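Notes follow once the structure below has been shown.
The values are calculated or read from the model by the stated rules, or taken from the named source; none is laboratory data. All figures in this text were calculated on a predicted structure; none of them were measured in a lab. Positions of Cβ are backbone-derived with ideal geometry, glycine not excepted, and every protein chain shown enters the neighbour counts. Side chains included, ligands, DNA and RNA excluded: accessible areas come from the protein's heavy atoms. Shrake-Rupley method; radii C 1.70, N 1.55, O 1.52, S 1.80 Å.
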Amino acid sequence: MESIFHEKQEGSLCAQHCLNNLLQGEYFSPVELSSIAHQLDEEERMRMAEGGVTSEDYRTFLQQPSGNMDDSGFFSIQVISNALKVWGLELILFNSPEYQRLRIDPINERSFICNYKEHWFTVRKLGKQWFNLNSLLTGPELISDTYLALFLAQLQQEGYSIFVVKGDLPDCEADQLLQMIRVQQMHRPKLIGEELAQLKEQRVQKTDLERVLEANDGSGMLDEDEEDLQRALALSRQEIDLEDEEADLRRAIQLSMQGTSRNICQDTPQTSGTHLTSEELRKRREAYFEKQQQQQDPPGHPCGKPNTSSGALDSDLGDAMSEEDMLQAAVTMSLETVRSNFKTEGKK
């Protein structure tokens, strides 16, 4: 659609953009439209003067601003209509009694001019396809034949006045080219305001990123989401490691108890059933821990409190040994039990 002429919005010159997009070229400038507006103002003044230059209506008319243009660049329907007369073109209000009398299907027209408040834009057929040439869009918008009537009805519902352009439009390159080919539009154009807002947001994000990079001496930074992910993974690994250590401790103590039970059952006469009672196993463990404590004390050093009761021994051992010491002791106990089993089987 590069061949389609499409003037984008500048200031409030939508009437100029509307006419040039309709005629597909730079046919009118603000100066030329202003000249037409001044001419219309003068014609209206002369008509008002016919009632007397001293009349109250005439003085009121002179005090009022022009109804055909203003300082922002807005031009009235009268200015647009007079500009089109130069090209032999006429405007008829869509769905007016005159238009309904003609009983013409919109699809058979060639172009429309739409107005809402102070905004004008053109809908024109180029080749065999319709295009919305609104100057507020970033580019021409393709309108299908089936959607055209719905599009015009929607504009009317929103308060737009729609005018049918009657007459032969000047030849243009886009019309000739699109008579031979049909175009497809994958993405509809955005409003200029939306595009500008998006570009502004991208510039702000880029500026913020550059500022952060400069603050970090160009070393870059980790994305906040990535940092949160890294922290979550680290905590997860720590929890898994703790769970693995606790599981290892439980398994080692269980193996130690099983090994001790088998060893005791082989070395000691079984007077009270196949397995030792929990009280006998506890005493065996206390004896073993006491032996380990004595081996760890340096020569000549007192061996600690005498073993006056099993409860006192449990308390001392619980205070003196950490989880790591208990794990080491349990593993050692398990290894010694296995060795003892091997020796017993060898003697047999």
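Report, ordered by the first and then the second residue, all pairs with beta carbons closer than 9 Å, sequence separation of six or more or different chains, a first member in the stretch 53-75 that is open to solvent by less than 100 Å² (accessible area, probe 1.4 Å), and a second member that is hydrophobic (A, V, I, L, M, F, W, C) and part of a loop (DSSP other than H, G, I, E, B). Between residues of the stretch 53-75 that are open to solvent by less than 100 Å² (accessible area, probe 1.4 Å) and residues that are hydrophobic (A, V, I, L, M, F, W, C) and part of a loop (DSSP other than H, G, I, E, B), the close pairs are SER72/LEU13; GLY73/LEU13; PHE74/LEU13; PHE75/LEU13.
Take the conditions (1) closer than 20 Å to ASN134 by Cβ; (2) without any contact (Cβ under 8 Å) to a residue 40 or more places away in the chain; GLN185 misses just one of them, which is (2). Of everything in the stretch 94-128, what is in contact (Cβ under 8 Å) with a residue 24 or more places away in the chain, crowded, with 20+ Cβ neighbours inside 10 Å and either among the hydroxyl-bearing types (Ser, Thr, Tyr) or assigned to a strand (DSSP E or B) (or both)? Give them in sequence order. SER111, PHE112, ILE113, CYS114, ASN115, TRP120, PHE121, THR122, VAL123, ARG124, LEU126 - these are the residues of the stretch 94-128 that are in contact (Cβ under 8 Å) with a residue 24 or more places away in the chain, crowded, with 20+ Cβ neighbours inside 10 Å and either among the hydroxyl-bearing types (Ser, Thr, Tyr) or assigned to a strand (DSSP E or B) (or both).
Test SER3 against the criterion of being closer than 17 Å to LYS117 by Cα, in a loop (DSSP other than H, G, I, E, B) and open to solvent by less than 50 Å² (accessible area, probe 1.4 Å), and give yes or no. Criteria not met by SER3. If you go through the stretch 29-54 and keep only what is polar (S, T, N, Q) and modelled with pLDDT of 85 or more, you end up with SER29, SER34, SER35, GLN39. The combined condition, being under 29 Å from VAL183 (Cα atoms) and open to solvent by 10 Å² or more (accessible area, probe 1.4 Å), is not fulfilled by SER135.
Results for (1) at pLDDT 95 or above; (2) under 43 Å from the mean Cα position of the chain (by Cα), shown as yes or no for each residue.
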residue: ASN82; (1), (2): yes, no
residue: CYS114; (1), (2): yes, yes
residue: LEU142; (1), (2): yes, yes
residue: ALA153; (1), (2): no, yes
